[in-house]
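Visitor: Right, I'll just put the structure down here and ask away after.
Nothing in this text is a laboratory measurement; each read-out follows from the coordinates by a stated rule. The shown structure was predicted, so the numbers you read here are calculated from the model rather than taken from an experiment. Don't worry about glycine lacking a Cβ; one is built from the backbone with ideal geometry, like all the others, and counts go over all protein chains shown.
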């Protein structure tokens with residue numbers, strides 16, 4: 001396993017932001033989503049991709065790396081099982097070290113979301129929620 005620094009140097013903050021948003025969406029983690037959407041935009045993640053993740057839309061016009069990461073995260077957290085096809089695709093696109101580091105990043109944010117929920121953390125005063133939660 002590498003580190004978040006090696007992941008950043010390998011894939012960039014844009015894809016790291018996408019991994020964080022996918023994790024937040026799949027856990028309906030309003031705080032994690034809201035505090036990370038703007039940084040993801042600043043790091044170059046396109047609004048159209050953010051909206052596809054936000055609304056759990058089918059992927060259209062998304063690059064191979066983005067699609068592999070989104071599908072991997074949706075399966076990991078939605079189904080609690082990553083299919084062999086999705087795993088093979090993500091492994092091919094990212095390689096083993098980066099894929100392990102992405103899973104580590106996603107696990108950190110899933111854990112943070114659990115802590116925030118357990119200790120009743122809320123958005124800062126005046127901050128509008130950015131994630132539609134049923």
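Visitor: In degrees, nearest 10, range 0 to 90: what is the angle between the Cα axis of helix 64-74 and the longest Cα principal axis of the chain?
Guide: Tilt relative to the chain: about 60 degrees.
Visitor: So, one more: Provide the gained length on full extension for the span residue 100 to residue 10, in nm with one decimal, where the gain is 0.36 nm per separating residue minus the Cα-Cα distance. Kindly include the intermediate steps, with their values, before the conclusion.
Guide: On the way: separation 90, 0.36 × 90 = 32.40 nm, distance 1.27 nm.
Result: 31.1 nm gained on full extension.
Visitor: For region 79-95, list residues with backbone N below 19 Å from a point placed 7 Å from the Cα of residue 64 toward its Cβ?
Guide: It comes to 84-95, nothing else.
Visitor: Then there's this: According to the square roots a ≥ b ≥ c of the eigenvalues of the Cα gyration tensor, what is the shape class of region 1-98, taking rounded for a/c under 1.5, prolate for a/b larger than b/c otherwise, and oblate for the remainder? Kindly include the intermediate steps, with their values, before the conclusion.
Guide: Values: a/c = 1.44, a/b = 1.12, b/c = 1.29.
Verdict is rounded for region 1-98.
Visitor: Oh, and also: Rounded to the nearest 500, what is the chain's calculated 222 nm mean residue ellipticity when only DSSP H runs of at least 4 contribute -39500 (n - 2.57) each, over all residues? Intermediate results must be reported in sequence, preceding the final value.
Guide: Numbers: 6 runs with 89 residues, N = 134.
Rounded to the nearest 500, it is -21500 deg cm²/dmol.
Visitor: Quick one: angle between helix 84-118 and the longest Cα principal axis of the chain, in degrees between 0 and 90, rounded to 10, please.
Guide: 20
Visitor: Only counting other Cβ atoms within 10 Å, I'd like 50, 20, 70, 133 sorted with the fewest neighbours first.
Guide: On the way: 50 19, 20 26, 70 22, 133 9.
Lowest count first: 133, 50, 70, 20.
Visitor: Pairs of alpha-carbon atoms within less than 8 angstrom and 6+ residues apart define the contacts here; what relative contact order does region 4-118 have, in percent? Intermediate results must be reported in sequence, preceding the final value.
Guide: Numbers: 107 pairs, mean separation 41.5, N = 115.
Reported as a whole number, the value is 36 percent.
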